[in-house]
1. Only residues that are within 16 Å of ligand 3 (Cβ to nearest atom) and in a helix (DSSP H, G or I): list them for the range A:33-51, please.
2. Can you name every residue in the range B:310-357 that is away from ligand 2 (no atom under 16 Å from the Cβ) and of a type in the set (Gly, Ala, Ser)?
3. Against the definition (in contact (Cβ under 8 Å) with a residue 12 or more places away in the chain and under 26 Å from A:Asp48 (Cβ atoms)), how does B:Ala361 come out, yes or no?
4. Taking B:Tyr291, is it modelled with pLDDT of 95 or more, of a type in the set (Phe, Trp, Tyr) and either out of contact with any Pro (no Cβ under 8 Å at 6 or more places or on another chain) or within 16 Å of ligand 1 (Cβ to nearest atom) (or both)?
5. Could you tell me which residue of the range A:38-55 is farthest from A:Glu67 (Cα to Cα), considering only residues that are near ligand 2 (Cβ under 10 Å from one of its atoms) and of a type in the set (D, E, K, R)?
6. Can you tell which of A:Gly41, A:Gly46 is touching a strand residue (DSSP E or B) at 6+ places or on another chain (Cβ under 7 Å), within 11 Å of another protein chain (Cβ to nearest Cβ) and at pLDDT below 95?
7. Residue check: is B:Tyr198 aromatic (Phe, Trp, Tyr), within 14 Å of another protein chain (Cβ to nearest Cβ) and within 17 Å of the chain's Cα centre (by Cα)?
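The values are calculated or read from the model by the stated rules, or taken from the named source; none is laboratory data. All of these numbers come straight from a predicted model, not from anything done at the bench. Cβ placement follows ideal geometry from the backbone for every residue including glycine, while neighbour counts extend to all protein chains displayed.
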Amino acid sequence: MTASLPENSHKYDLGFARWVYKNINGADKLSMCMQCGTCSGSCPIGSDMDNGPRKLFMMIRAGMKEEVFNSDTLWNCTSCYRCTVRCPRGIPVTYIVQGLAAKATHLGYATEQDAARFAKSFWWSLTHFGRTDERLVTAKYYFSFGLVKGIKKSLENLKIAFGMVMKGRMHLGPPHKVSANKDLRAILAKAQEIEAREQQGGAES
Amino acid sequence: MNQGPASQTILVVGGGIAGITAAVEAAETGYDVILLEQSPALGGRVSAFNRYFPKLCHPTCGLEINYQRIRKNPRIKVMTMARVVSLSGQAGNYSVAVKTMPRYVNEKCTACGDCAKATDVEVANDFNFGMDKVNAAYLPHEHAFPPRYVIAPEVIGTDAAEKIREACKYGAIDLDDCEATVDLKVGAVIWATGWKPYDASKITNYSYNLSADIINNLEMERLAAHNGPTGGKILRPSNGEPVKRVALIQCAGSRDTNHLPYCSRICCLGSMKHAVYVREQYADATVDIYYIDIRAHDKLEAFYQRVATDPQINFIKSKPGHIQVEDDGTPVICGEDTLSREIYARSYDLVVLALGMEPNALSDTSASSRDDYGFIVPMPGNDAGISSAGVAGGPLDVSMSVQSATAAALSAIQAVRTAASLPAQGGSVNE
Ligand SMILES: Cc1cc2nc3c(=O)[nH]c(=O)nc-3n(C[C@H](O)[C@H](O)[C@H](O)COP(=O)(O)OP(=O)(O)OC[C@H]3O[C@@H](n4cnc5c(N)ncnc54)[C@H](O)[C@@H]3O)c2cc1C
Ligand code: SF4
Ligand code: SF4
């Protein structure tokens, strides 16, 4: 009896896994993952992620580069670190997920997901004022969907915004800034310079 | 160093199945053996099981025959309630200091039980992990060997102790019994000190201390045993009701760099045994086994195959993230099913944590080498007179423990014979 080999529906690309092991902070430990599910099962928003860390890590091994970088798991992570604390193999799950998110941005992925848009708005406020300004972060996020959608979303949430103002959770007037805003920008510029240098060293294969 | 005539006596520390086997094997080969046990009776963990695989026989099956071999063999001296305090020397010539604790009952005891009828005072029952109480004058359990009563130290100096003493018509109660130190001269030492379950309270995300209905696998053995706290009925500890939905969580504290990094090897099979206990008692109960991967080693694969045919025993490939406890104490297991990617939160009547086996600590010795996990393993260049048997040397089941005990008996015999044949030891060649 000669059993025929099953047709491979997916072509495995170990090159991608090796690239991740090398280029993402903490991912050198990824080969230790035993697919136990503790990370995804511990995640407070695990059911809101398309893949969750465990499956994401399997997808990396399977060479599913496009699916990995477009996964909303990268952006829905709240950095609670439960997965990292509980992982029985000592894998820094949070670092890896966040490292992948950063790489996705640099490589031009992650333009469409809500969470990615929000993260970018958040970052914009941080780099400009050294703080998050609720109004500006929200506005930036809403209008990233385009003018019409932006106005619509703003109107929808006006009541909440008003409530927040009344409770003193959102202020009116010019945005708060850190006093050493100039220094902060210099620090961030330097950090970006270092990051760009390292990017060149470990350019994608 | 310490010279003098070589001793051919073999000391076995720990009277579980491994220590008993090593002692019997060495004695039946013609060597004198001292068998030390820290608790009041022999048998170790096996005596506290309901039944044991592969054949699901009662613990008495394997133990009773060995007790008979001990009884019949004058070469074996059993010392209970005894621990090694210090050990020095080398193969053929060890000096061992042993501390014994008072039992308050001497060898005249016939186990008639009159002492227990003399008082109502009760103490926590160690044999059932404190899940019930036992009379202050007690037999450790019905198959205890030696079959001799013990008086709980808590009642010494009270009226109850006096009543207990007066009730014994054989003069077996000795209330003046006290701690003592005995010095032994032996030629070889076998550590058969066994294991303890990993401390469940360290796995904080599994909430062991937060709900009465989250128990460990040893407590499950007692719940199912006819001489356990519920007379053998598996009931919810919180309210004494029958169980309908039971969950067993594998690798609780094993294969985990935060806890025990190694696989304890036995707990997968232990849990399948527990699933069988539940299903034998309840036609309508379901049992969910949460696992990383099922490790049923060698021929025990057949047991797994058999259990897996029961449609009411479900194998769920998932290491749960945590157990939430509802206000009424109900445990809710939360995690990800790794085959379907379902994120689940399921409530159960009873959750059993399959704790791993951790080697018993031996604060009382320095003369043995341990591996990274604390198991006693002979290393190259070690003293040939020291060996280990059973789970003291690694996570093993009963049959593997027994094999390792026979091996340890042989290396102990080799060590004492070699030592006796060395002229420097001053002993005579014994061929
Ligand atoms: C939940 C569970 C279920 C299991 N079920 C099965 C089963 O069904 N079948 C099977 O084959 N195996 C089973 N096992 C494994 C089994 O328990 C072990 O193989 C067995 O207990 C090994 O015996 P041992 O003599 O090495 O150790 P132990 O049984 O631990 O005996 C060690 C003895 O040494 C004594 N001792 C310890 N330290 C000292 C000291 N310092 N001085 C003097 N005495 C000391 C202890 O009091 C004890 O009596 C199970 C394990 C678990 C966790
Ligand atoms: S918890 Fe750790 S070992 Fe388990 S699936 Fe997640 S990353 Fe892998
Ligand atoms: S025997 Fe099973 S439950 Fe025990 S540690 Fe190994 S895999 Fe986990």
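1. Residue satisfying the conditions is A:Thr38 alone.
2. B:Gly329, B:Ala345, B:Ser347, B:Ala354, B:Gly356
3. Working: in contact (Cβ under 8 Å) with a residue 12 or more places away in the chain: yes; under 26 Å from A:Asp48 (Cβ atoms): no.
No, not satisfied.
4. On the way: modelled with pLDDT of 95 or more: yes; of a type in the set (Phe, Trp, Tyr): yes; either out of contact with any Pro (no Cβ under 8 Å at 6 or more places or on another chain) or within 16 Å of ligand 1 (Cβ to nearest atom) (or both): yes.
Taking the combined requirement at face value, the residue satisfies it.
5. A:Arg54
6. Numbers: A:Gly41 fails: at pLDDT below 95.
Sole residue among the options that is touching a strand residue (DSSP E or B) at 6+ places or on another chain (Cβ under 7 Å), within 11 Å of another protein chain (Cβ to nearest Cβ) and at pLDDT below 95: A:Gly46.
7. Numbers: aromatic (Phe, Trp, Tyr): yes; within 14 Å of another protein chain (Cβ to nearest Cβ): yes; within 17 Å of the chain's Cα centre (by Cα): yes.
The answer is yes for B:Tyr198.
Conditions tested, residue by residue: (1) more than 14 Å from ligand 1 (Cβ to nearest atom); (2) surrounded by 23 or more Cβ atoms within 10 Å (Cβ to Cβ).
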{"site": "B:Leu210", "(1), (2)": "yes, no"}
{"site": "B:Ala247", "(1), (2)": "yes, yes"}
{"site": "B:Gln250", "(1), (2)": "no, yes"}
{"site": "B:Ser254", "(1), (2)": "no, yes"}
